[in-house]
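Derivation of every value follows stated rules applied to the coordinates shown; laboratory data play no part. Note that the coordinates shown come from a computational prediction; the quantities given were computed from them, not determined experimentally. Cβ placement follows ideal geometry from the backbone for every residue including glycine, while neighbour counts extend to all protein chains displayed.
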Amino acid sequence: MQSVAQLAHLNDLDLALDALKARLAEIAEALKEPVALRETRRALAAAGAELAGCRARQAEAEQTEQRAADKLIQAEQRLYSGQVRNPKELEDAERDVQQLRRQRGQAEDALLESLLCAEAATEAHAEATRKLARLTAERAAAVAALRAEQAALGEKLVAASARQAAVRGTIPAQLLATYDALRPRKGGRAVAALDGDSCTVCQVAASPGKLAAARDGNELVYCGNCGRVLWAE
Ligand SMILES: [Zn+2]
């Protein structure tokens with residue numbers, strides 16, 4: 001049966017296509033951004049946000065400190081000017097000075113804290129930047145190789161699909177339907193060649209009757225063990 005030979009040929013083409021598609025799927029997976037790179041990118045963004053927050057607090061603390069210092073100068077000038085003589089007013093002026101000194105001290109503490117925070121965030125940001133640069137450079141070569149392989153396999157896939165379509169066009173529809181139904185259930189290989197009297201896939205010998213029928217080629221003969229279509233070359 002000429003058609004069984006064509007089926008065997010189609011099966012080889014289909015297995016090659018399966019392998020091409022599997023490798024292309026692997027490549028697509030490998031081209032996804034690795035976890036380490038994604039995490040470093042995230043760490044860099046977090047360090048940037050942290051740094052911006054520290055700097056905003058720093059600017060605010062600087063303003064608060066400046067305002068408190070200005071007010072303190074005025075309050076001290078008033079207190080020591082000699083113009084305030086009333087004991088109650090003197091007491092109030094003294095209390096204002098004390099309060100403004102506390103405010104200035106608190107603002108200085110906040111400023112120091114924000115400077116330390118900015119220093120740590122700057123370091124974390126620089127560290128993440130270095131790590132990202134290193135990981136990106138390391139990956140560039142791998143990505144280039146994967147993309148080149150992907151492009152080459154993509155061209156092969158187009159050619160192989162065209163050959164597959166051409167061969168399918170020469171096979172009777174009913175036979176194709178049988179083949180298409182059988183192939184997924186047989187791990188991709190629906191047709192098994194005979195080597196002498198044995199099935200080349202499962203190595204089990206076919207009965208003399210099946211062997212004769214397969215060689216006659218007038219009907220589809222299935223391996224009694226693995227269920228594949230037997231093909232006598
Ligand atoms: Zn078999």
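Observations on the model:
- Sites Arg41 and Ala142, calculated FRET efficiency, Cβ-Cβ separation with R0 22 Å, nearest 0.05: 0.80
- Under the convention that each Lys and Arg Cβ holds +1 and each Asp and Glu Cβ holds -1, the size of the dipole of region 33-155 around its Cα centre is about 120 debye.
- Applying the Karplus relation 6.51 cos²θ - 1.76 cosθ + 1.60 with θ = phi - 60° to region 218-225 yields 3J(HN,Hα) values of 8, 8, 6, 10, 9, 4, x, 9 Hz, where x marks Gly and Pro.
- Between 0 and 90 degrees, the angle of helix 2-31 with respect to the longest Cα principal axis of the chain falls at about 10 degrees.
- Only the Cβ atoms of Lys and Arg (+1) and of Asp and Glu (-1) were treated as charged; on that basis the dipole of the chain about its Cα centre amounts to roughly 640 debye.
- Considering only alpha-carbon pairs that sit under 8 angstrom and 6 or more positions apart, the relative contact order computed for region 33-155 is 44 percent.
- The chain, relative contact order in percent, only Cα pairs under 8 angstrom and at least six apart counted: 31 percent
- Over all other residues within a Cβ to Cβ distance under 15 Å of Ala120, the charged ones net out to -3, with Lys and Arg as +1 and Asp and Glu as -1.
- Local net charge near Ala232, Cβ-Cβ under 12 Å (Lys/Arg +1, Asp/Glu -1): -2
- 0 to 90° range, to nearest 10: angle between helix 35-80 axis and the chain longest Cα axis: 10 degrees
- Helix axis angle, 173-182 relative to the chain longest principal axis, alpha carbon, degrees: 60 degrees
- Of Ser114, Val35, Gln99, farthest towards positive along the dipole that unit charges on Lys, Arg, Asp, Glu beta carbons give the chain: Val35
- Between Leu230 and Ala192, Val221, Tyr222, Cys223, the built amide H atoms are under 5 Å apart, and every one of these is 5 or more places off in sequence or on another chain.
- Candidate lysines for bridging to Lys32, where Cα separation is under 28 Å - those fewer than 8 sequence places away on the same chain excluded: Lys21, Lys131, Lys156
- Estimated 222 nm signal from helices in the chain, with DSSP H stretches of n ≥ 4 weighted -39500 (n - 2.57), rounded to 500: -28000 deg cm²/dmol
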